[in-house]
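Read-outs: derived from the displayed coordinates by stated rules, not from any lab. Bear in mind that the values here come from a model prediction, so they are computed numbers and not experimental data. Using ideal geometry, Cβ is built from the backbone for each residue, glycine included, and neighbour counts are taken over all protein chains shown.
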Amino acid sequence: EAWDQAVAKGRFIADGKVHGAAPAAYRALDIIEAAKDGDLQKGYDAEDIALADLIMGGELRSGIYAFNLVQKRGKRPAGAPDKNLARPVTKVGVVGAGLMASQLALLFLRRLEVPVVLTDIDQERVDKGVGYVHAEIDKLLAKSRVNQDKANRLKALVTGVLDKAEGFSDADFIIEAVFEEIGVKQQVFAEVEAVAPAHAILATNTSSLSVTEMASKLKNPERVVGFHFFNPVAILPLLEIVRGEQTDDASLATAFAVAKKLKKTAVLVKDAPAFVV
């Protein structure tokens, strides 16, 4: 009975993840189910038959294609400009201190190991965002993934302020992760542009809004790029980089260089509704 329950649970999980579209998981469960009688040779024979069928199927071909595509694009993203145009990033600004923004701050902090500053509309939110980052660093320390010295150094690198001028006046890369509404994001970028250095990249984590429209009211729309992560940020590898109509090559090259340091698989996408994913 326990054997049957385990197989049934496996089928339930497979249904929830692949909805019958990928046969390999179901064939594996069939073999496990058949192994209940304990005949070892029958089990080997069933494995051989299943492997022969799966090797000739579309799932394997699709998997190999996807793997090769990711490997190639990870090394040389299609459409990316000359990497030598990228500007150095020595400080990162994050607009917002909610869960997504805090995850972004943690990722930039861990991968780039440069100062990261968060801003939001009130001190309570800012403190909560910084507190989240500190708590996650403590978890890394508890798991021995960083030592005490590095944990202290990382914590010292992340700060939170209310005044964007104070936080972003010397930032090279500023990303917003605020409410998904075009007017809100346009206002945020207008405020950031007024205080950020002329060379600073203005990135948006929007999942579907027009990057071109977002940048349309700025004096320098050429430095705005889409930089869309997927949740949870630390785990999912894909990063959509969106080129607006006026985004220049230097800004785009910097975005790709940052993505590489973040160890993300960056793909260049058109500024169209919903981008790629």
So for the pair I32, Q123, with labels modelled 7 Å out along Cα→Cβ, what separation do we get in nm? 5.4
Skipping prolines and chain starts, which residues have an amide H placed within reach, meaning under 5 Å, of the one on F227, given they are 5 or more residues away or on another chain? T204, N205, T206, V242
Along Cα→Cβ, 7 Å out, is where each label goes; now give me the distance between the ones at S216 and F12 in nm to one decimal. 5.0
Relative contact order (percent) for the chain, with alpha-carbon contacts under 8 angstrom and 6 or more residues of separation? 18
If every Lys and Arg gets +1 and every Asp and Glu gets -1 at its Cβ, then about the Cα centre segment 83-269 yields a dipole, in debye to the nearest 20, of 940
Per-residue HN-Hα couplings for segment 45-53, Karplus 6.51 cos²θ - 1.76 cosθ + 1.60 at θ = phi - 60°, whole Hz, x for Gly and Pro? 4, 5, 4, 4, 5, 5, 5, 4, 5
To the nearest 10 degrees, how steeply does helix 2-18 sit against the main Cα axis of the chain, on a 0 to 90 scale? 40
Mind checking which of H134, A25, I121 is farthest towards the positive end of the chain's charge dipole, using Cβ charges of +1 (Lys, Arg) and -1 (Asp, Glu) about the Cα centre? H134
Simple spin-label estimate for T265 and D48 in nanometres, 7 Å along Cα-Cβ: 3.5
Any residue on another chain or 5+ positions along whose placed amide H is under 5 Å from the amide H of L238 is listed here as T265
Projecting the Cα atoms of I175, G98, L157 onto the charge dipole of the chain, where Lys and Arg contribute +1 and Asp and Glu -1 at Cβ, the residue farthest towards the positive end is L157
Can you tell me the orientation of helix 23-34 relative to the chain, as the angle in degrees between its alpha-carbon axis and the longest Cα principal axis, to the nearest 10? 40
Considering only the other residues whose Cβ falls under 15 Å of the Cβ of A21, what net charge follows from Lys and Arg at +1 and Asp and Glu at -1? +2
Square roots of five times the Cα gyration tensor eigenvalues for segment 2-56, Å: 19, 17, 4
Step through the table entries K128/K185; K185/K270; K91/K264; K185/K263; K91/K185; K128/K155, compare each Cα-Cα distance with 24 Å, and write down the pairs that go over it. K185/K263
